[in-house]
Amino acid sequence: MSIVVIDYGMGNLRSVSKALEHVAPGADVRVSSDPAEVAAAGRVVFPGQGAMPDCMRELDSRGLRPAVLEATRNKPFLGLCIGLQMLFESSEEGDTPGLAVLPGKVKRFPAELMRKAEGGPLKVPHMGWNRVETSGHALWAGIPSGSRFYYVHSYYADVTDPGLIAGSTHYGFPFTCAAARDNIFAVQFHPEKSQAAGLQLLANFVNWKP
C-alpha cells in the first residue's frame with residue numbers, strides 16, 4: 001500500500017507521516033511535492049497549517065492543484081486542518097478562493113458567539129482539546145462519540161449541505177469539524193496530535209474501502 005502525504009510547504013508533515021507509519025508499518029508512506037507521486041499513490045493525505053492565502057498560493061506554485069483535484073475524485077483522500085478548509089469554495093481569510101470540491105464557505109469564528117456557558121470570553125484561535133460528536137462513518141470505527149481531539153484554528157467550515165457533516169464540535173456554537181463525501185474524509189482537528197483517538201482515525205483511513 002502506498003500513502004502520499006502532500007507537501008506544499010505548509011503542513012505538519014513529519015508528525016503526520018510518523019503517525020501513519022505507526023498505524024501502517026507495512027505501508028509505503030511518502031511525503032512528496034511531486035504531482036506524479038500523488039497521482040500514483042493508493043491513498044492521499046492532504047495536511048496543512050498556516051494562513052489560507054499562503055496555502056493556496058504554495059499549492060499552485062508547486063503545480064499540485066490538478067493532482068489534488070484528481071485525488072479527490074478517485075482514491076481515499078484525507079484532509080487535515082487547512083486541508084479540510086481548502087476543499088471548500090472560499091475562505092474569509094484573505095477572501096481566498098478554495099478548491100471548490102465541497103460546497104460551503106470557511107468563516108472566522110464570530111466574536112459575538114465566542115462566550116463560555118458561564119459568560120466569560122472564549123479565545124480565538126480555538127486551541128486545545130475538544131469533544132467531537134460523530135456520525136456513523138467508517139472512519140469513526142472504534143472511536144466513541146464524544147472523544148477528544150486537538151485543535152488549532154481561527155476559521156471553521158460553514159457547510160451548506162447537511163449530508164456532508166460527519167462530525168461536529170461545540171466552541172461557542174456547534175460547528176462542522178468533519179466532512180465526508182464518497183472517497184473524501186476531512187477533519188478540522190489534528191489526528192496526528194490527538195493520541196489514541198487520532199491514531200485510531202488514521203488506522204481507519206488506512207483500512208478504508210470507500
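Note the angle between two axes, namely the Cα long axis of helix 52-61 and the longest principal axis of the Cα atoms of the chain, as a number of degrees from 0 to 90, rounded to the nearest 10. Roughly 10 degrees between the two axes.
Overall, the accessible surface of segment 1-139 at a probe of 1.4 angstrom is composed of carbon and sulfur to the extent of 49 percent.
For the pair segment 9-72 / segment 131-210, the C-alpha centres are spaced 18 Å from each other. Using just its DSSP H runs of length 4 or more, each adding -39500 (n - 2.57), the chain gives a mean residue ellipticity at 222 nm of -7500 deg cm²/dmol after division by all residues. Here's the list of lysines a cross-link from Lys75 could span, going by alpha-carbon distance under 29 Å and ignoring same-chain residues fewer than 8 apart: Lys18, Lys105, Lys107, Lys193, Lys209.
Excluding Ala27 itself, what net charge comes from residues whose Cβ is under 9 Å from its Cβ, given Lys and Arg +1 and Asp and Glu -1? Once positives and negatives cancel, what remains is -1.
The values are calculated or read from the model by the stated rules, or taken from the named source; none is laboratory data. Please read these numbers as outputs of a predicted model, since none were measured by experiment. Quick reminder, even Gly has a Cβ in these numbers, built from the backbone with ideal geometry, and neighbours come from all protein chains shown. Accessible surface is based on the protein model in full, side chains and every heavy atom, while ligands, DNA and RNA are left aside. Shrake-Rupley method; radii C 1.70, N 1.55, O 1.52, S 1.80 Å.
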